[in-house]
Amino acid sequence: MISEHIQPSNKFLSQHTFLTFSLLILALGSVAFGISYLVRGLQFDLLMLILLAALLFSWLLARTKLRGSVAGLLLIALGAPLIFIWVGDLWGPLITWLRTSNGIIWRVLFSSGGLSADTSAYWASLSEIKLRSITLLADLDLWLRSIIAGQPVYTYDAITLIWGYMIWLVSAWAGWFQRRKEEPFKAIFPAGSLLAVSLGYTYGATTALFPLIFAVLTLSGLTFYLKRERSWKTRSMDYPEEERSENILLIFGITLGFVVAAALIPRISIRWVVETIQEWVQPQVEQIDPLFDSFGLKQDLTSLGSMGTAIEGGLPREHLIGSGPELSDQIVMSVQLADSSSSAEELLNLAVPLYWRGLTYDRYTGHVWQSSDVVLRTYQAEEQANQPADKIYRTLVQDFRFVDSNDFIYAAGEIVSLDTNFKIAWRIVPGITETLKTPGDFFAGSQTKSAYRVESMIPVVSEAELRATQDLYPSWISERYLALPDHLPQRVIDLARELTRNSPTSFDKALAIETYLRTYKYELNLPAPPENRELSDYFLFGLQKGYCDYYATTMVVLARAVGIPARIAIGYTRGNYDTANQQFIVAEDNAHSWVEIYFTGIGWIPFEPTAAQAAIERPDRPVNLPPKMDLPLELEAQDFFMDGLPGRWWYWLGGILLAAVFLPLTWLYLDGWYMRWLAPSKMVTKLFQRLYRFGHWVGSPAMMADTPSEFSTILGAQIRAISQDSRWEPYLQAAADDVQGLSQTYVRSIYSSHPLPQDEIRQTISSWQRLRYRLLLVKILYMRRYRTRG
């Protein structure tokens, strides 16, 4: 019987047990809340019921003398039927069946009437149990067969069973491990990993991580403290039990401070946990997406329309209306410039390249293009996603009309606003996405209308201005837009260096690469590139011909190889201009991919390496434009890193102040714990070693021949001399006496055959806690006097 193995304990409902159990519920409850938010159809109240039951059973089993393997098997076996009953809502029919069964048995054994009584309730409850069980098992069977067949499907009951059982297992693990092993991190690790992987795949909000981390850190501090208490009791050491409540409150306060700092300060971000998981999950999305979907996990990309497909990556043309190289002259859309101050003729006269950009890619694998992790922002009609810019940027208003349905937002340059509700997926930029209203790195935009008006910004920049930029980039630009695949052939890099050998600036290097690639033959009718060849190497040294995907990809690779941040842009060329109707007519054969180069202080500038397209001609000298307002979005993101202090300076100030307060307090508190934990003689020795070091700092180092008493006498005299004639003299004279007292305690602990009494240990620790502040003041006075004399 299990009851025979229960270890006697009269502290099951103690303060420690209550706090530990409550923190486990908080940690596991945050996991259950996060999972219920990420998995469609999953009910939070059911998950909470399951985790509470698992936690309670495992906690009770951990108090027994059962082996871990036996207890684990019991919990695994117990969880399956309980969750089956909960998910199938079988409690009511089961209770009815048991009650009627008991009545029937009673009548058979003790009543002369036998089975003459009404048994309809018995058969009705039994039939309901069978029906619900068969339905649930059939649902689970369908889910399992679909996975085995390689075509996973989502079924509500099966998913509830699976997730409920996973919550049961991680909760049972947590209760057992914490009660039996007292290792909080190992106890919560499976539950935390389950939530982190789910967040990493779905791009869900990280809110649930904050209470989880708070609970784990607090539980760790509490467990550590109580382990020390038991150690002190085992050694028969005296310790201040009356300070236990204050210590526990301090643990809660310090942990809460760190978690609040992680939530508010951009440099102390919990988001990195999810980003690390995403780096592991995302490259496999194309293969495991159906399986994840069958678990109810859905990436938050459904509302992005075609962006949900585009983010998985591929070659650019796969995401254009006329997919593949076989393009036609079928009309896709018309574009009219609605701003009378910016006519098409004027822009062409200013040599402004017009591209209708839909999305950009930053990550190149060697075969396909992908996007880094994105965050989706929703904007209302006329709400600004960017601020209109000054200097080199001109604001354009464009009316787009599509022949067929369209999900992407196409616009010239950077999107400012739309006349309808819209969404933009921004690539996550650490320190910017969490802080600035405008996240900083555009991936794609989405809207639902067949016609919309968009306000955007385009750069009108001269060659002289581009040549004058500095080759200094924000860290996120360098890390993201200079990355190259590991297997890139060396001859591609060598070619990039050879082409730019005589180019003094980034613009000249980009121009040299662009000019060279335009000598390659343009060809649409090409087979798919081989999977075992890197695309740019195949284009440069194999095919030596291609269409825009080949040109643009190769220019990005060559530019990055010589240290120029570059990305690929996808959309349409401007099309044919209809003078009569003053609009651009864009056909499927205008689908295009080109290159954008980043220039510090300016932003992303288009380049055209495709031979079949007209070369971009830029003005030689700066063009005077009407003054506007602020900087564009990505320049704000740049200034956030490039300037000394960001606009939201209070984040940094708050972080510095928080660190200045919490770190010293934490160190002092942990140091006090450490001293109480040490054996008395070792503790006194440690303290006296600190005095030796302090003597060296204030010009009174210990000599080899000095006894402890002689050293303390010399150090005391030095302290009195340093503090003499200062306002702190009365306060610091006591420090010399405390040094003598510590020296005498140290001598007794070494040479006496009797251990130090507990009251003297407490007095020594208390004396040291007073002394260290006074020694710090002595050090400051010594430094001032030394500098004055110097």
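The values are calculated or read from the model by the stated rules, or taken from the named source; none is laboratory data. Please read these numbers as outputs of a predicted model, since none were measured by experiment. Don't worry about glycine lacking a Cβ; one is built from the backbone with ideal geometry, like all the others, and counts go over all protein chains shown. Side chains included, ligands, DNA and RNA excluded: accessible areas come from the protein's heavy atoms. Shrake-Rupley method; radii C 1.70, N 1.55, O 1.52, S 1.80 Å.
Considered as a group, the residues in the stretch 452-464 that are touching a Lys or Arg at 6+ places or on another chain (Cβ under 9 Å) and either among the β-branched types (Val, Ile, Thr) or open to solvent by 30 Å² or more (accessible area, probe 1.4 Å) (or both) include one that is nearest to VAL416 (Cα to Cα), and that residue is ILE458. Scanning the stretch 520-533 for residues that are over 22 Å from THR365 (Cβ atoms) and surrounded by fewer than 19 Cβ atoms within 10 Å (Cβ to Cβ) yields a total of 5. Scanning the stretch 61-92 for residues that are out of contact with any Leu (no Cβ under 8 Å at 6 or more places or on another chain) and either of a type in the set (Phe, Trp, Tyr) or without any contact (Cβ under 8 Å) to a residue 40 or more places away in the chain (or both) returns ARG67, SER69, VAL70, LEU73, ALA77, LEU78, PRO81, TRP91, GLY92.
Each row is one residue, and each column tells you yes or no for (1) over 28 Å from GLU465 (Cα atoms); (2) over 34 Å from the mean Cα position of the chain (by Cα); (3) open to solvent by less than 20 Å² (accessible area, probe 1.4 Å).
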site	(1), (2), (3)
SER478	no, no, no
LEU482	no, no, no
ILE493	no, no, no
GLU498	no, yes, no
LEU511	no, yes, no
GLU514	no, yes, yes
LEU535	yes, no, yes
MET555	no, no, yes
ALA559	no, no, yes
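Candidates are the residues of the stretch 744-756 that are in a helix (DSSP H, G or I) and out of contact with any Leu (no Cβ under 8 Å at 6 or more places or on another chain); the one that is surrounded by the most Cβ atoms within 10 Å (Cβ to Cβ) is VAL747.
The set of residues from the stretch 499-517 being farther than 17 Å from GLU617 by Cβ, part of a helix (DSSP H, G or I) and hydroxyl-bearing (Ser, Thr, Tyr) comprises SER506, TYR516.
Considering every residue within the stretch 484-501, establish whether at least one is β-branched (Val, Ile, Thr) and without any contact (Cβ under 8 Å) to a residue 60 or more places away in the chain. Checked the stretch 484-501: no residue is β-branched (Val, Ile, Thr) and without any contact (Cβ under 8 Å) to a residue 60 or more places away in the chain.
Within the stretch 36-68, the set of residues being within 16 Å of ASP157 (Cα to Cα), touching a Phe, Trp or Tyr at 6+ places or on another chain (Cβ under 7 Å) and open to solvent by less than 40 Å² (accessible area, probe 1.4 Å) comprises SER36, VAL39, LEU42, LEU46, ILE50.
Among the residues of the stretch 382-402, are any modelled with pLDDT under 70 and within 29 Å of TYR550 (Cβ to Cβ)?
Filtering the stretch 382-402 for residues modelled with pLDDT under 70 gives 388-391.
Those still in the list that are within 29 Å of TYR550 (Cβ to Cβ) too: none.
No; the residues of the stretch 382-402 include none that is modelled with pLDDT under 70 and within 29 Å of TYR550 (Cβ to Cβ).
Among the residues making up the stretch 444-456, those that are assigned to a strand (DSSP E or B) and farther than 21 Å from ASP362 by Cα are ALA451, TYR452, ARG453, VAL454, GLU455, SER456.
On inspection, SER22 fails the criterion of being open to solvent by less than 20 Å² (accessible area, probe 1.4 Å), at pLDDT 80 or above and assigned to a helix (DSSP H, G or I). As a summary of the residue check, GLY29 satisfies the conditions (1) over 30 Å from GLY192 (Cβ atoms); (2) modelled with pLDDT of 80 or more; (3) not aromatic (Phe, Trp, Tyr) except for the one numbered (1).
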